[in-house]
Amino acid sequence: MTLNLWLIPVLPAAGAAINGFFGRRFSNKMVSAVALASTAASFAWALLAAIRLLGMPADQLPYIERIGVWLRSGDFVVEYGFYLDHLSMIMMLVVTGVGFLIHVYSVGYMGHEGGYYRFFSYLNLFMFFMLTLVLADNYLLMFVGWEGVGLASYLLIGFFFLRDSAANAGKKAFIANRVGDFGFLIALFLLVKHFGTLQYTDIFHKVAEFSPGIESGAGLLTAIALLMLVGATGKSAQIPLYVWLPDAMEGPTPVSALIHAATMVTAGVYMIARSNAIFSRSTTALAVVAIIGCLTSFFAATIGITQTDIKRVLAYSTVSQLGYMFLACGVAAYSAGIFHLMTHAFFKALLFLGAGSVIHAVGGEQDMRKMGGLKKYAPYTFWTMLIATCAIAGIPGLSGFFSKDEILWQAFSSPHGHWAFWLLGITTAFMTSFYMFRLLFMTFFNEYRGPVAAQHTSHEAQPHAATASAEHAGHTHAVPPQAPPTNAHDHGGHGEPHESPWAMVVPLVLLAVLSVIGGYVGVPKALHGGNHIEHFLAPVMPAITAEAAGTAHGGAHPEQEQSQAAEDSSLELTLTGVSVAVAFAGLGLAWLFYVKRRDLPAKIADSLGGLYTAVLNKYYVDEIYGAAIIGPLIAFSTRVLWRGIDATLIDGSVNSGAQGVRELGDSLRHQQSGNIRSYAGWVTAGAALVILYMVWMGTR
Amino acid sequence: MVPISYYLVLSAILFACGVAGFLIKRNIITIFMSIELMLNAVNLTFVTFAAQWQALSGYIFVFFVMVVAAAEAAVGFAIIIAVFRTRETLNVDRVNLLKL
């Protein structure tokens, strides 16, 4: 039985090609039809494949579809094939499903930007590479997808390429990712060198058989895992390479939602979960993953508190949530990480799309201080955003609550866990709740603080036949002509904030539904749930469950195990209680600061002084990187590589070589005098030399 | 019998005189004569070796050289006369119209 998995990435690729090559001549409707049809078909096929996969007997898993041999060099073979198991199935459905909704949203959001076809072509291209990454059956093909999504990300961040900051942000993202990719590549080389293959099945098999007793061998797996982690920190925006993600918000908002929140940035988490066979064998690597995840989530959350740009808050929140996923992977609770990845994809995509809708509503403003009171102008956006905020904050009953709680519990109880991880995690959860409700309150509550019926030129005055100048203008795009669902009066200028068109609202609602129900696949046992997702992923990650059980309850008798389980359960309930309390505390504090006593935040900021300034300026990390790495690198490149090696050594040697030949020729020129007797003299001299040589040879 | 080396040394001396005359002299007729001297030095070598090896081809070659030299002299003097008529000099250094 063949699932024809190749269709899933190829369909968006076809869409990208059609729009990319012919889109210029298409109408906007045609472009969106091509893009949506290819993505929808891909989603439908993925759904079909998932259903058929679930019907397969367990011994047939993972399902591998071989298309052909890609590389062959001696014994080393890389195949071109697709690999579907429960892990890639979840990823595939998230990517195609959320991706499709964001495509629908983009039709409304990008309606009046220039380069409409270009946008959708890039978006489809991203889908192709992401699906290649997720469905690859070997690391090399995964790396192709890995680089490809980086390319798509670069293209889309710099989509408004006439704006300097956008072009720079694109470059920054690409370069930061390159640093990570370098680590990943070295890890692949090590795999090839020591295991002679890059096929998942072979590698996991060989790693499992790999003797752990040999010191160098254990070091090898640690090295591979840590290098892979370097790659993951680049792609998934973790310390120390997270700096690109906040800047990536220069891209159009649907891009932020799709690439920089829901899918691409989770590639690192996916990669770690996929390589769990390697990571689980190295305690050191796991500890590093957990520490990086934990610190990233904590610091990003503190920065998130102080930001005022609505998209930047969400960007730091994304970094923070990715930190949670890394923490989960670091305590060997990969399924918890994937669970959070999935729920995060729903609610963070929703938050970004909601933020896009808000930005749309207020005519391109991104500063939350100039928003407010939007509840009555954009009710759909408000309610869906409320759901997403509750979900990410960990309000019980919503998806984020279950997944985040699972991670916190695992961080505490897993054999690789530690109470310090839990403590940092719970503090982060509090901050998450606080800054998310801060965003919500600043945006939707109180009174509207933006300019009303001022400064926004009407879109009649500035025709919305999207030209390059509209593209240049970025988010200050013209208002779409469709009558918004709630207030049909808005036709003239950008007087009052208004609700977005249907194409944007429907995905919001669908994602809101997913954000609510997404968590119920993983209700923990302590809450009388089945924790389906853990069992679901168990075939992919057999070692962890077995190992975790083995270490946690090592050698215990069945009855002891039961009492242990009961204890665990009550402890888990207690910890859950704490996280719920923390979530509500964050909500309450945000309410106090941003609705009741709005003078308080400024006072507190003043009293904190330097600390507040440091956090507001993102701990000056960009400046530190600039001074410590980028500055010296530029100085070195300028002084040594350019002026020293290029200008002096290379150019110098070539130029002085030419100069020398010129001078030699200049002096030899005089020998050609036209005087027959001097020529004859040379001939004679030459003949004399030949004779001398012959005589010398003869006498030897 | 005179040793062969005497002939060869004499030939070398004659040839060297020819070379020296060619290099030093400016009069085109003297140069011409120097060339003839060199040719005849070579002729001497030819007959020397022909006598040594009892090889007839050596003698025949000498006749060839003489014929060519005669032809050369005819053409050469014609040129020299033409040069003298136009330039009114026999100094080669002053026959330099083609020089930059």
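Values quoted throughout were computed directly from the atomic coordinates according to the rules given, and no laboratory measurement underlies them. In this text the structure is predicted, and so the values were computed from the model without any measurement. Cβ placement follows ideal geometry from the backbone for every residue including glycine, while neighbour counts extend to all protein chains displayed.
When you work out D = kT/(6 pi eta Rh) for chain B at 37 °C and 0.692 mPa s, using the Kirkwood radius from C-alpha pairs as Rh and the Stokes-Einstein form, the result is 216 µm²/s.
Taking every residue in A:619-630, how many Cβ atoms of other protein chains lie within 10 Å of its Cβ, on average?
Partner-chain Cβ atoms within 10 Å, mean over residues of A:619-630: 0.
Helix screen, chain A: DSSP H segments with Cα axial length of 27 Å or more and mean Kyte-Doolittle hydropathy at least 1.6 are A:283-306. Diagonalising the gyration tensor over the Cα atoms of the protein assembly as shown and scaling each eigenvalue by 5 before taking the square root yields semi-axes of 83, 36, 26 Å, largest first.
Radius of gyration over Kirkwood radius for segment A:1-60, both on Cα atoms: the Rg/Rh ratio is 1.17.
Listed by chain and number, the lysines placed with their C-alpha closer than 21 angstrom to that of A:Lys206 are A:Lys193; residues fewer than eight positions away on the same chain are left out. A cut-off of 5 Å between modelled amide H atoms, ignoring neighbours fewer than 5 places along the same chain, links A:Glu65 with A:Phe82, A:Tyr83, A:Leu84. Helix B:56-87 sits at what angle to the longest principal axis of chain B, using alpha carbons and giving 0 to 90 degrees rounded to 10? The answer is roughly 10 degrees.
Straight Cα distances below 16 angstrom link A:Lys603 to none of the aspartates and glutamates, with same-chain residues fewer than 8 positions distant left out. Our note on the geometry: Cα centres of segment A:117-189 and segment A:583-603, 39 Å apart. Angle, helix B:28-53 long axis vs. longest principal axis of chain B, Cα atoms, 0 to 90°, nearest 10? It works out to around 10 degrees.
Partner lysines whose Cα lies under 23 Å from the Cα of B:Lys25, excluding those fewer than 8 positions away in the same chain, are identified as B:Lys99.
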